[in-house]
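Some notes on the structure that comes next.
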Amino acid sequence: MKNKVTVNIYGRSYPMMTDESEEYTQRLANTLNERMKALQAAKRTLSIQDAAAIISLECLDELVKNKQTEKNIRTQISAYVESANDAHDECEKLKKEVERQRERIRQLESEVKLRTKFAVDENTAEQILKSSITGALGLPPKK
């Protein structure tokens with residue numbers, strides 16, 4: 001919504017329409033007045049127009065530099081977001097790999113239990129097979 005605001009800059013009134021609040025617009029005008037007074041106090045021979053032109057250039061310089069800084073910050077943020085996304089993807093891959101390795105550990109533990117059981121039992125798998133074959137052939141068991 002447009003606001004009708006009248007500001008006083010260096011003794012002249014300027015009616016204007018702005019999207020900003022009156023308080024904000026008046027603060028800008030006050031800052032401009034302070035800068036012009038300071039510049040004219042430093043260089044007493046400057047006209048109001050010259051002071052306004054110099055301050056306008058200074059403000060434009062600040063604006064251009066701030067826009068470049070903003071662009072640099074946005075570029076950095078984009079790089080950080082991309083890096084964070086890459087790290088997240090890598091983390092997800094590693095979580096899946098950890099789960100695969102845990103499953104492999106469970107399988108190996110199960111295998112170790114079976115092997116340990118056969119090693120502890122008197123009849124190893126080899127002995128059980130020999131006994132079964134010998135019995136099937138009708139041969140006397142070996143001692």
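Ordering 36, 49, 107 by Cα displacement along the dipole of segment 28-121 toward the positive end leaves 107 in first place; charges were set at the Cβ atoms of Lys, Arg (+1) and Asp, Glu (-1).
Taking the chain as a Gaussian network of alpha-carbon nodes connected by springs under 10 Å, the highest mean-square fluctuation of the residues 105, 133, 77 belongs to 133. Have a look at 131, 63, 15 and report the one farthest towards the positive end of the charge dipole of the chain, computed about the Cα centre with Cβ charges (Lys/Arg +1, Asp/Glu -1). Going by the charge dipole, the pick is 131. Overall, the chain carries a charge dipole of about 340 debye about its Cα centre when +1 sits on the Cβ of Lys and Arg and -1 on the Cβ of Asp and Glu, all other atoms neutral. With contacts taken as Cα pairs under 8 Å at a separation of at least 6 residues, segment 1-128 carries a relative contact order of 11 percent. Screening the chain for DSSP H helices whose Cα atoms reach 27 Å or more along their own axis and whose mean Kyte hydropathy is at least -1.0 gives 22-42, 48-120.
Return the distance in nm (one decimal) between the two label points of a simple spin-label model at residue 18 and residue 109, each offset 7 Å from Cα along Cα→Cβ. About 7.1 nm separates the two model spin labels. Within the straight-line cut-off of under 30 Å between alpha carbons, the lysines reachable from residue 130 are 113, 117, 142, 143, sequence neighbours fewer than 8 places apart in one chain being disregarded.
With a simple spin-label model that places each label point 7 Å from the Cα along the Cα-to-Cβ direction, the separation between residue 55 and residue 86 comes to 4.8 nm. Fewest-first ordering of 16, 1, 36 by other beta carbons within 10 Å of each residue's beta carbon gives 1, 16, 36.
FYI, it's all coordinate maths here, none of it is from the lab. Since the model is a prediction, treat every value here as computed from it, not as a measurement. So basically every Cβ, Gly included, is an ideal-geometry build from the backbone, and we count neighbours across all protein chains shown.
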